[in-house]
Structure formats: structure tokens, C-alpha cells
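Here the structure comes first, spelled out in C-alpha cells, and everything after it is commentary.
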Amino acid sequence: MIEKELENYWSNRYQDNLTGWDIGYPSTPLKEYFDQLESKELKILIPGAGNAYEAEYLFNNGFKNVHILDIAEFPLRTFKKRVPNFPDGHLHQENFFEHMGQYDLIIEQTFFCSFEPTKENRRNYARQMDKLLLPSGKLVGLWFTHQLKNNGKRPFGGSKDEYLSYLNPYFSVCTFEECYNSIDPRSGKELFGIFEN
């Protein structure tokens, strides 16, 4: 899929409300992780942010250096209407793999599972995450544990061992376990991970 087609694909998904992964609020595991962060000065990136409820929560709780990235313009426009004080310069409509910058913290939330699940895409994801993180920066988030399906429909899952095979070359694993505080529909279906650069 060329980039314009990819942008149109995701914009159409949001415009047509075909966003089954979107729960309409910050997911509990990430909210609870945010609530224990001590420094409000962290530079944070949420790639593939979509409606970016996590970014809204962080911003409204004093984290003013939050950046959101999505290849589609539509969800970024929607977010800006919802959070009008969010800095325009922190909204990035671009391809994640072409984004440049350095961050203390990157949040993973239904982003990894949106890519076509080729080994190349998954290796590139891990490599780009490593590139975007400052030394001692952290990649934190949720990864779906359902197995890959043959019907070609998102979200694309994977196993803990598979995820680690891509992430281990770049990161130290602080934790990567079945999530104990998932929302009910995702209970037993996601891993919570903290990976340090």
C-alpha cells in the first residue's frame, strides 16, 4: 500500500467509524501507569494515536510535552477540536517510519497490531522505536496476544515470544507480562510491557 493509499485507508476508517479498537477513553493499564509518573517534563510520543484519549488524559493532567502522530489527518483534526489548547506543533501527520525526534517515553496502544504482520514491518517497528528513544528512554504499552489470523483483518496479534524476538535486540525488558488490569473485553488478551533503551 503506497503512503497516500495508507493515509486514505485510515482516514476512511475514522470517518466511517470503523474503529473497533477504539474504546473511547484511556485504557486502564496505561492510565494507571501515567498516574504513577513523577516527572511532568517527560517528552512523550504516542504513535498511531488515532483519537488519542491517552494524550488528552496526559495533557489535561499537566504533561505539556506530549506529541501525537498519525498518518491520517482526520483523527488529528478531531482531537484538536476536542482538545483545542493542545499545541499544533505537537500534532504530527506523517509516517511513523519517517518521523524524526527523540523522546523520553513512547506509548504503544493498538499501534503495532495495525501493520501488515510481515517480519520486515515488525523489525522496522522495533528499530524505529529504538531510534526515537533517548538513552534510558522507555517504550511502554499494550500488545495483543491473540494469534495471527489468516483472514487478513486487523488487529494483527502475536505471541509474547514473537514480540520479544523483535524487541530484545534493541531493549532491556523491565516487564512484559499478561496484563492484570485490562478492561473486561480485553482481559487475558493483552500483555503490558515496559522496555528500556
Is the range 168-181 home to any residue that is surrounded by 14 or more Cβ atoms within 10 Å (Cβ to Cβ), at pLDDT below 95 and not in a helix (DSSP H, G or I)? yes
Looking only at the range 161-197, how many residues end up being farther than 14 Å from Phe144 by Cβ, in contact (Cβ under 8 Å) with a residue 24 or more places away in the chain and not charged (D, E, K, R)? 11
Considering every residue within the range 102-118, establish whether at least one is surrounded by fewer than 18 Cβ atoms within 10 Å (Cβ to Cβ), at pLDDT 95 or above and assigned to a loop (DSSP other than H, G, I, E, B). yes
Return the residue satisfying two criteria in turn: it lies in the range 49-97 and is among the aliphatic types (A, V, I, L, M) and outside any loop (DSSP other than H, G, I, E, B), and of such residues it is nearest to Leu142 (Cα to Cα). Ala55
Suppose we filter the range 1-48 for residues that are part of a loop (DSSP other than H, G, I, E, B), modelled with pLDDT under 85 and either exposed (fewer than 14 other Cβ atoms within 10 Å of the Cβ) or of a type outside the set (Asp, Glu) (or both); how many remain? 12
Counting just the residues of the range 119-134 that are closer than 10 Å to Tyr170 by Cα and hydrophobic (A, V, I, L, M, F, W, C), which one comes out surrounded by the fewest Cβ atoms within 10 Å (Cβ to Cβ)? Ala126
Looking across the range 65-90 at residues that are closer than 11 Å to Asn51 by Cβ and aromatic (Phe, Trp, Tyr), the single one that is surrounded by the fewest Cβ atoms within 10 Å (Cβ to Cβ) is Phe74
Could you list, in sequence order, all residues of the range 64-79 that are more than 17 Å from the chain's Cα centre (by Cα) and at pLDDT 95 or above? Lys64
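The values are calculated or read from the model by the stated rules, or taken from the named source; none is laboratory data. What you are looking at is a predicted structure, and each value in this text was computed from that prediction instead of being measured. Here Cβ is always computed from backbone atoms with ideal geometry, including for glycine, and neighbour counts include all displayed protein chains.
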